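Shown next, in C-alpha cells, is the structure this report addresses.
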Amino acid sequence: MEVSVEKTSELSRKMIVNIAEDVVQSKVNERLKSLAREVKIDGFRPGKVPQKVVQKMYGARVREEITGDLIQENYVQALQDNDLRPAGMPHIEPVESDEGFTFSAVFEVYPDFSLDAVETVEVNKPVSSVEASDVDAMIAKLVEQNKSWQPSGQDSQTGDQVTITFSGACEGENFTDGSVEDFQVELGSKNMVPGFEDQLTGLAVGAKKTFEVTFPADYGNEKLAGKPAEFEIEVLKIENPVLPEVDAEFIKAYGIESGDLAEFRADVENNMQRELAQGLKVKLKNSVMDALYENISVALPKVMVDQEVESLMKPYYENAKKRNVDVNEIKPATADFEEQAKRRVALGLILAEIIQQNNIKVEEDKVRTLIEDMAQSYDESLQVINWYYGDKERMAEVEQMVLEDATVAWVLDKIKVTDEPVSFKEVMEPAT
C-alpha cells in the first residue's frame with residue numbers, strides 16, 4: 001500500500017491510497033475459488049464449476065466487493081500510519097490508475113491547539129443565600145399558582161381570565177383553521193402575541209372586536225413571522241382571580257401534615273437552598289465555559305459544526321412530524337443555529353483536550369452523590385436511584401455530567417476566581 005496525504009486547508013486532507021494489482025487479484029482469485037465450491041450452475045456438478053466460468057459470471061461483482069473491503073481496511077490503516085484523526089466520515093471514491101487499485105479519501109481532521117490560555121482566564125463566582133424575603137416571594141408564587149377564578153361583573157382588566165372565541169388571518173389567509181372556541185387568556189401573562197392581550201382589556205361579556213397585531217420577527221411559524229395579522233374575537237366570559245389563604249389546609253397540600261406555618265416555611269427554604277446550590281453551580285459552570293470559549297482559539301471542523309446544527313434542528317423535525325406540517329413552516333433558518341453549534345463544538349473539543357492531557361477520570365462515588373442529589377426532589381428517591389442504575393444510557397449521561405464537573409473543577413483550580421454577590425432571584429430567574 002502506497003499513501004500520499006495532501007493538506008488542502010487548515011483541517012482538510014486529501015489522502016490517495018494505491019494498492020498493488022497483485023494484492024487485489026490475489027484476493028479476487030481466493031474469493032472466486034471459494035465461490036466455485038459453493039455455486040450451482042446448470043451443466044456442472046457442485047464443486048466442479050471451471051474457474052473461467054466462475055470468473056466470467058462473478059468476476060466483476062467479486063472485484064467490486066474486494067475493492068470495497070480493501071478501502072475499509074486500508075483507509076483505517078493509512079490513518080494510523082500517518083497519525084491522522086478524521087473528524088467525520090470521509091468522502092471516498094476510486095481513482096483511475098494503471099498501477100493497481102487507487103482510491104482517494106477527502107476528510108477533515110481534529111484540530112491541534114494549545115491550552116496555555118487557560119492560565120490567563122478570569123471568572124466571577126456568584127455567591128448568594130436564601131433570605132426571608134425570598135421565602136416570602138416563593139410562598140406568594142405558590143399562592144398564585146393555586147388561584148381559582150370567579151365570574152366578574154366588570155369589564156376585563158389586567159389579571160382577569162378572559163374566555164374568547166377568535167379567528168386569525170394573515171395576508172387574507174385564515175391560519176387558525178376556522179375559529180378557536182372557548183380559548184382562555186390571562187391578561188398580563190404575556191403568553192400571547194405582543195399586543196393581543198392589550199386588545200382584550202376593557203371589554204364586557206358579549207363584546208366583539210376586530211384588531212391587528214404584528215407577529216414577532218423570530219416567531220416560530222415562518223409564514224407569520226414579522227407579519228401583521230387580523231384577529232376577530234368575541235368575549236364569552238370574564239373571571240377574577242381568587243387567591244387561597246395560607247392556612248393549615250393549604251400547607252398540608254404541600255406535604256406538611258402538621259399544617260404548621262413555621263414548618264412549612266422551613267421546608268420551602270430547604271428546597272430553595274437546594275435549588276440555589278444547583279443554580280450557583282450552573283451559573284459558575286456557564287461562566288467557565290464562556291471564558292474558555294472566548295480565550296482558547298480552536299479551528300472547527302465544518303463537518304462537526306454541520307452535525308451539531310442538525311442535532312439542534314432535530315426537535316423541529318420531530319415537532320413537524322407530530323403536527324403533520326411542513327418543517328420549513330416552524331423551523332428557524334440554519335444560520336440561526338450556527339453560532340450555538342460552533343460554541344458547542346469548540347467547548348467539546350476544549351474539554352476533551354483538558355480531560356485527555358490531565359487524565360481526568362469519572363469517580364464512582366461522585367456519580368452516586370450526583371444521582372442521590374437529583375433523587376432528593378422526588379418522594380420515592382430510592383426508586384429514582386435504581387432507575388438511573390438500571391439503564392446504561394442514563395448512567396452514561398450522569399457519568400458525562402460528573403466528568404464535565406471534574407473538568408470545570410480542574411479549570412477553576414488554574415484560574416483567577418472572584419466572588420460576586422448576587423440575589424436569589426438573579427440566580428434562579430436570570431432572564432428577568
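The values are calculated or read from the model by the stated rules, or taken from the named source; none is laboratory data. As the structure is a computational prediction, the values presented were derived from the model and not from experiment. Virtual Cβ from ideal backbone geometry, glycine too; neighbours counted across all protein chains shown.
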If you scan the range 72-130, which residues turn out to be surrounded by 13 or more Cβ atoms within 10 Å (Cβ to Cβ) and of a type in the set (Asp, Glu)? GLU108
Check off (1) surrounded by 11 or more Cβ atoms within 10 Å (Cβ to Cβ); (2) assigned to a helix (DSSP H, G or I) for VAL362 and give me the number that stays unchecked. (2)
Go over the candidates VAL193, VAL205, VAL213 one by one and state the one that is of a type in the set (Val, Ile, Thr), within 26 Å of TYR316 (Cβ to Cβ) and outside any strand (DSSP E or B). VAL193
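Only helices (runs of 4 or more DSSP H) wholly contained in the range 234-335 count here; list those with 1 or more residues that are buried (at least 18 other Cβ atoms within 10 Å of the Cβ) and under 35 Å from the mean Cα position of the chain (by Cα).
261-295, 302-323
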Of the criteria (1) touching a Lys or Arg at 6+ places or on another chain (Cβ under 8 Å); (2) modelled with pLDDT of 95 or more, which one GLU222 fails: (2)
For the range 278-294, state whether one or more residues are in contact with a Phe, Trp or Tyr (Cβ under 9 Å, 6 or more places away or on another chain) and not assigned by TED's automatic domain parsing to the domain that holds VAL162. yes
With criteria (1) surrounded by 13 or more Cβ atoms within 10 Å (Cβ to Cβ); (2) without any contact (Cβ under 8 Å) to a residue 40 or more places away in the chain, LYS141 comes up short on (1)
Give all pairs with beta carbons closer than 7 Å in which a residue from the range 304-326 that is under 19 Å from ASP177 (Cα atoms) meets a residue that is among the polar types (S, T, N, Q) and in a helix (DSSP H, G or I); count only pairs at least 6 apart in sequence or on separate chains. none
On the given criteria, is VAL417 in contact with a helix residue (DSSP H, G or I) (Cβ under 6 Å, 6 or more places away or on another chain), hydrophobic (A, V, I, L, M, F, W, C) and either surrounded by 14 or more Cβ atoms within 10 Å (Cβ to Cβ) or in a helix (DSSP H, G or I) (or both)? no
Subset of the range 76-122 that is assigned to a loop (DSSP other than H, G, I, E, B) and more than 31 Å from the chain's Cα centre (by Cα) - its residue that is nearest to ALA20 (Cα to Cα): GLY100
Residues being closer than 30 Å to ASP218 by Cβ, surrounded by fewer than 18 Cβ atoms within 10 Å (Cβ to Cβ) and of a type in the set (Gly, Ala, Ser): count how many of those fall in the range 336-359. 1
Which numbered condition GLN154 fails, given (1) without any contact (Cβ under 8 Å) to a residue 60 or more places away in the chain; (2) in a loop (DSSP other than H, G, I, E, B): (1)
TYR388 versus (1) in a helix (DSSP H, G or I); (2) touching a residue at least 60 places away in the same chain (Cβ under 8 Å): which is the lone unmet condition? (2)
Mind listing whichever residues of the range 124-151 are out of contact with any Pro (no Cβ under 6 Å at 6 or more places or on another chain) and in a strand (DSSP E or B)? ASN124, LYS125, PRO126, SER148, TRP149, GLN150, PRO151
Please go through the range 256-305 and pick out each residue that is farther than 30 Å from THR8 by Cβ and in contact with a Pro (Cβ under 6 Å, 6 or more places away or on another chain). LEU280, LYS283
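I need the full set of residues from the range 1-27 which are outside any loop (DSSP other than H, G, I, E, B), of a type in the set (D, E, K, R) and either loosely packed, with under 15 Cβ neighbours inside 10 Å or more than 34 Å from the chain's Cα centre (by Cα) (or both), in order please.
Of everything in the range 1-27, those that are outside any loop (DSSP other than H, G, I, E, B), of a type in the set (D, E, K, R) and either loosely packed, with under 15 Cβ neighbours inside 10 Å or more than 34 Å from the chain's Cα centre (by Cα) (or both) turn out to be GLU2, GLU6, LYS7, GLU21, ASP22, LYS27.
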